[in-house]
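Colleague: Here it is, the structure in full.
The values are calculated or read from the model by the stated rules, or taken from the named source; none is laboratory data. The model shown is predicted, which means the values in this text are computed figures rather than measured ones. We place every Cβ from the backbone using ideal geometry, glycine too, and count neighbours over all the protein chains shown.
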Amino acid sequence: MHIILPKKVRSIIAILNHGGFTAHVVGGCVRDMLMGKEPHDWDITTSARPEQIRELFQITLETGLKHGTVTVIFEGQLCEITTWRTDLGYIDHRHPEQVEFTDSLESDLARRDFTINAMAFHPDEGITDPFGGMGDISIKLIRSVGDPVERFSEDALRMLRAIRFSAQLGFDIENQTYHAIKTLHRDIGYISFERIRIELDKIMSSAHPDKIGLIWDTQLSTHIFPGIPAFPELMMKACQAPHDRRDPVFILSSLFYGAFEQESAEHAGFLLRRLKYDNRTISSVKKVLNAADLLKTPTQRNIRCACHLYGVKAAELALSMLSLDHCHQNKGNIDSSLIDELRALRISGTDLIRSGIDEGREIGIILSLLNLCLYEKPQLNHTDILLLLSEEFRKKLHGNNLL
């Protein structure tokens, strides 16, 4: 395949070359170009040392000097430029204890995670591919550079990245690489939950989110999703749902609904907080799960109630999730007339006080009872009718000593 670099990236390489240094684009951008995709980021590897890079360009950012990385901004183009290096000693299964600059491009490529990310390209020299990345792209394979046990022992996050690349690219994981993940799965415990969450989101947002099942196949799930021993069938079906429904909230909801017969929202809250998910995501998932409990019997009354309590989107996602089970036929499209009937109560607590009802707990109880009435019969939502109902509720509550 003929590769053409953007003009500004070619210019950055040319400046390094004119300064007497070797330079290539490297990593994911080379992989993407070979697959006919437009790279999102541009990384360059070079024989120039960080201080030499900074001398050649007017605008630089010291984004990773201890690892030999300088970010260059050239005519608006942002590019990370890293000196050829080898990594020496990983003390925390994530970061190298020390880096050492090298005079060999191949040595620099040898430290990378997978063969498809261990290629370099120069406009005049073409592709440098010492580990067979082009061949692995052609057969759609994720393969570690060198010994996979060594690669994953250096950086345990690479195990989850293998699954993420498999999901994003639709590639299989090579056998030795796969078995190394199974062997070292406990090492994922060295990785922060924030980093794990980022990889999970990328998997669920990918073209092949069903690859998330590899987390259970490789036993990474024992740390990431404790208490969920198997890949739930409902989650697998959610991953295969139409793309407009397939987002992380939908997939996570199906995970917990499929894994726990009872209190799925409580389990979701605990595990998602452990994975450092934001409050908005946790709330959204719990709303879907609570709505699903209510919509197991999708009557008009229950649909109105779910929409009112948890929102229309949560109710629709819940119905879509339930429809993945053959016992539930609703596909998640709520009749707009049911939504149109959802109106706020036409009376407020102030109106009830003016009608003679005491302030305090009694007001909240009566307003809740009125809402329940509207779930059954939205046509009751008129001020005079609601006031009559309120008086009847007040009498019943007092007459039966329920306050």
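Table: residues versus (1) part of a helix (DSSP H, G or I); (2) more than 16 Å from Glu125 (Cβ to Cβ); (3) at pLDDT 95 or above.
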{"site": "Leu5", "(1), (2), (3)": "no, no, no"}
{"site": "Phe21", "(1), (2), (3)": "no, no, yes"}
{"site": "His40", "(1), (2), (3)": "no, yes, no"}
{"site": "Ala48", "(1), (2), (3)": "no, yes, yes"}
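Colleague: Further, regarding this structure: Just to be sure, is Leu141 within 26 Å of the chain's Cα centre (by Cα), hydrophobic (A, V, I, L, M, F, W, C) and modelled with pLDDT under 95?
Modeller: On the way: within 26 Å of the chain's Cα centre (by Cα): yes; hydrophobic (A, V, I, L, M, F, W, C): yes; modelled with pLDDT under 95: no.
It is false that Leu141 is within 26 Å of the chain's Cα centre (by Cα), hydrophobic (A, V, I, L, M, F, W, C) and modelled with pLDDT under 95.
Colleague: Go through the stretch 49-71 and give me each residue that's over 29 Å from the mean Cα position of the chain (by Cα) and of a type in the set (Val, Ile, Thr).
Modeller: Matches in the stretch 49-71: Ile53, Ile59, Thr60.
Colleague: Let me ask something else. Please enumerate the residues belonging to the stretch 110-146 that are under 15 Å from Leu34 (Cβ atoms) and either of a type in the set (Phe, Trp, Tyr) or in a helix (DSSP H, G or I) (or both).
Modeller: Within the stretch 110-146, Phe114, Thr115, Ile116, Asn117, Phe121, Phe131, Gly133, Met134, Gly135, Asp136, Ile137, Ser138 qualify.
Colleague: For the stretch 240-263, which residues satisfy the criterion of being modelled with pLDDT under 95 and of a type outside the set (Asp, Glu)? Please lay out each step first, then the result.
Modeller: Let us first name the residues in the stretch 240-263 that are modelled with pLDDT under 95, namely 240-248, 261-262.
Across the stretch 240-263, the qualifying residues are Gln240, Ala241, Pro242, His243, Arg245, Arg246, Pro248, Gln262.
Colleague: Answer yes or no as to whether Ser337 is small (Gly, Ala, Ser), assigned to a helix (DSSP H, G or I), over 30 Å from Leu272 (Cβ atoms) and modelled with pLDDT under 90.
Modeller: Numbers: small (Gly, Ala, Ser): yes; assigned to a helix (DSSP H, G or I): yes; over 30 Å from Leu272 (Cβ atoms): yes; modelled with pLDDT under 90: yes.
Answer is yes for this residue.
Colleague: Right, here's the next one. Does the stretch 256-263 contain at least one residue that is touching a residue at least 12 places away in the same chain (Cβ under 8 Å), touching a Leu at 6+ places or on another chain (Cβ under 8 Å) and of a type in the set (A, V, I, L, M)?
Modeller: Checked the stretch 256-263: no residue is touching a residue at least 12 places away in the same chain (Cβ under 8 Å), touching a Leu at 6+ places or on another chain (Cβ under 8 Å) and of a type in the set (A, V, I, L, M).
Colleague: Can I ask one more? For the structure I just gave you, tell me whether Leu389 is loosely packed, with under 15 Cβ neighbours inside 10 Å and aliphatic (A, V, I, L, M).
Modeller: Working: loosely packed, with under 15 Cβ neighbours inside 10 Å: no; aliphatic (A, V, I, L, M): yes.
No, not satisfied.
Colleague: Listed residues Leu157, Leu169, Leu200, Leu184; which is without any contact (Cβ under 8 Å) to a residue 40 or more places away in the chain and of a type outside the set (Gly, Ala, Ser)?
Modeller: Details: Leu157 fails: without any contact (Cβ under 8 Å) to a residue 40 or more places away in the chain; Leu169 fails: without any contact (Cβ under 8 Å) to a residue 40 or more places away in the chain; Leu200 fails: without any contact (Cβ under 8 Å) to a residue 40 or more places away in the chain.
Criteria check complete, one pass: Leu184.
Colleague: May I pose another question? Among the residues of the stretch 61-71, is there at least one that is within 27 Å of Ile137 (Cβ to Cβ) and β-branched (Val, Ile, Thr)?
Modeller: Yes - at least one qualifying residue is present in the stretch 61-71.
Colleague: Same structure, new question: Considering the stretch 277-301 alone, what residues qualify as being in a helix (DSSP H, G or I), more than 26 Å from the chain's Cα centre (by Cα) and over 21 Å from Gly258 (Cβ atoms)? Walk me through it before giving the result.
Modeller: So in the stretch 277-301, the residues in a helix (DSSP H, G or I) come out as 279-294, 300-301.
Retained after the next criterion (residues that are more than 26 Å from the chain's Cα centre (by Cα)): 294, 300-301.
Once the filter is applied, which keeps residues that are in a helix (DSSP H, G or I), more than 26 Å from the chain's Cα centre (by Cα) and over 21 Å from Gly258 (Cβ atoms), the stretch 277-301 yields Gln300, Arg301.
Colleague: Need pairs with beta-carbon distance below 8 Å; first residue in the same structural domain as Pro50 (by TED's automatic domain parsing) and farther than 17 Å from Gly146 by Cα and within the stretch 97-110, second at pLDDT below 90 and part of a helix (DSSP H, G or I); sequence gap 6+ or separate chains.
Modeller: Pairs found: Val99/Lys66; Val99/His67.
Colleague: I would also like to ask the following. Has the stretch 173-189 got any residue that is modelled with pLDDT under 95, outside the structural domain of Gln240 (by TED's automatic domain parsing), of a type in the set (A, V, I, L, M) and not in a helix (DSSP H, G or I)?
Modeller: Among the residues of the stretch 173-189, not one is modelled with pLDDT under 95, outside the structural domain of Gln240 (by TED's automatic domain parsing), of a type in the set (A, V, I, L, M) and not in a helix (DSSP H, G or I), which makes the answer no.
Colleague: So, in the stretch 31-42, of the ones that are touching a helix residue (DSSP H, G or I) at 6+ places or on another chain (Cβ under 8 Å) and buried (at least 19 other Cβ atoms within 10 Å of the Cβ), which residue ends up nearest to Ser107 (Cα to Cα)?
Modeller: Taking the candidates together, the pick is Arg31.
Colleague: Only residues that are closer than 17 Å to Ala314 by Cα and in a helix (DSSP H, G or I): list them for the stretch 236-257, please.
Modeller: Ala238, Pro248, Val249, Phe250, Ile251, Leu252, Ser253, Ser254, Leu255, Phe256, Tyr257, listed by residue number.
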